[in-house]
Amino acid sequence: MMTAPLPQKFYRGDPALVARRLLGKVLVRAIDGRKLACMITETEAYYGSDDPASRARRGGDLRRIMLSDVGVALVYGIHRQWLLNVVAHKAGEPGAILIRGGEPLEGIDLMKKFRGVEDLRLLTIGPGRLTKAMKIGKEFHGKPLYVRDHGLWIEKGEDISSKRIARSFRIGVSKDLPTPLRFYIKDSRYVSRR
């Protein structure tokens, strides 16, 4: 049975709170009549110009999308890999959540083919591995993730209790905010770093 995508209002609010709430939710990709699905296990929150690691500091299209309607995909390339973010913020403030990792649930055979690896644990941990395994590219940039129309959306999944959630500073940023903004499921095998 198909579950409805999370409503757009789910993404309205402080990016850190939305990043925590996204843990346990299910990222779904429809491709060639097949469903690929991963439970989100790791996220990072990003803010506006005051955030030294934010893409919003650079201006241009990424800042424009980070200020746009919540619930849309923000996709950009780094180190020849696509990274998937979802726009989430309070009104008038830029913000987005990087989807850093997931636990493969469905369509695993296709994910292995797209990634060229057999090890289930290495399939979707790390934001570039996740997008490659689920064949997510720039074509989703600016598309809403609260409808199924474009073949990529996020479903309800499960609610993760706060005692199962850990946080740390964001990975791979040279300058960070004083508050840890990376969130992950403590007991999951599918996170990039503990």
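The values are calculated or read from the model by the stated rules, or taken from the named source; none is laboratory data. Please read all numbers here as calculations on a predicted model, not as lab measurements. Cβ atoms come from the backbone with ideal geometry, glycine included; neighbour counts cover every protein chain shown.
Observations
- Which listed residue, of Ala19, Ala45, is among the small types (Gly, Ala, Ser), assigned to a helix (DSSP H, G or I) and within 21 Å of Asp69 (Cα to Cα): Ala19
- Of all residues making up segment 73-97, the number that are surrounded by 24 or more Cβ atoms within 10 Å (Cβ to Cβ) and either part of a strand (DSSP E or B) or at pLDDT below 85 (or both): 9
- Segment 10-49: number of residues that are farther than 12 Å from Gly151 by Cα and either small (Gly, Ala, Ser) or under 15 Å from the mean Cα position of the chain (by Cα) (or both): 27
- Pair list, Cβ under 8 Å, 6 or more apart: segment 66-95 residue over 18 Å from Ile171 (Cβ atoms), other residue basic (Lys, Arg) and assigned to a strand (DSSP E or B): Val70/Arg12; Ala88/Arg12; His89/Arg12; Lys90/Arg12; Ala91/Arg12
- Selection status of Lys138, closer than 18 Å to Leu62 by Cβ, over 17 Å from the mean Cα position of the chain (by Cα) and surrounded by fewer than 14 Cβ atoms within 10 Å (Cβ to Cβ): no
- Which numbered condition Val70 misses (of (1) within 23 Å of Leu36 (Cα to Cα); (2) touching a helix residue (DSSP H, G or I) at 6+ places or on another chain (Cβ under 6 Å); (3) outside any helix (DSSP H, G or I); (4) of a type in the set (A, V, I, L, M)): (1)
- Leu62 being crowded, with 16+ Cβ neighbours inside 10 Å, modelled with pLDDT under 95 and of a type in the set (A, V, I, L, M, F, W, C): yes
- Selection status of Gly102, within 16 Å of the chain's Cα centre (by Cα), at pLDDT 95 or above and on the phi > 0 side of the Ramachandran plot: no
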